[in-house]
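First comes the structure, then the notes that go with it.
Just so you know, all these numbers are worked out from the coordinates, no wet-lab data involved. In this text the structure is predicted, and so the values were computed from the model without any measurement. Quick reminder, even Gly has a Cβ in these numbers, built from the backbone with ideal geometry, and neighbours come from all protein chains shown.
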Amino acid sequence: MSALPEPMRARLAAKNAMPPMEVLREFLMGDVADFSLDEVRDNLAEIARGSTRSHERALAAIEAVLTDPPPAGELLHLVSWYANRALRDKTDAGAAGFLREVADILRDVITEATPGR
């Protein structure tokens, strides 16, 4: 990272310092909302051909949020609003299940893009 120009290093440092909920919101809005899970997988696989850094950051954010959940109702709001999902199970548990599915997709895409790692 030291070979990068200062503005790029600063931007990367800021991205890496974002709280998990913020990372997750950004990921859900940009990479999940309005796509089927199959389309999400395909899009993430395409991005992973260049780098898996953003995928690893999103996966870490999902794992952090599921390990230390936000107050009641926030997971459901997060998934309903930022991922634009109408869940059958309209509870935080249903939202957590959806996030676990997305985490599985991320793990698979990262593994496929970085064999032997």
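Between the helical axis of 53-67 and the dominant principal axis of the chain, each derived from Cα atoms, what acute angle in degrees is found, rounded to the nearest 10?
The answer is roughly 40 degrees.
Among (i) 7.2; (ii) 7.9; (iii) 6.3, which is the computed mean projected area of the Cα convex hull in nm²?
Working out mean projected area of the Cα convex hull in nm² from the coordinates points to (ii).
Could you grab the relative contact order for the stretch 34-117? Cα pairs under 8 Å, six or more apart, rounded to a whole percent.
Answer for the stretch 34-117 is 41 percent.
Compute the acute angle (0 to 90°) between the alpha-carbon long axis of helix 6-16 and the principal axis of greatest extent of the alpha-carbon atoms of the chain; round to the nearest 10°.
Its long axis makes an angle of about 30 degrees.
At what distance in nm do the modelled label points of R53 and H77 sit from each other, each positioned 7 Å from its Cα along Cα→Cβ?
Taking the two extended label points, one gets 3.2 nm.
What's the angle, to the nearest 10 degrees (0 to 90), between helix 92-113's Cα axis and the longest principal axis of the chain?
Tilt of helix 92-113: around 30 degrees.
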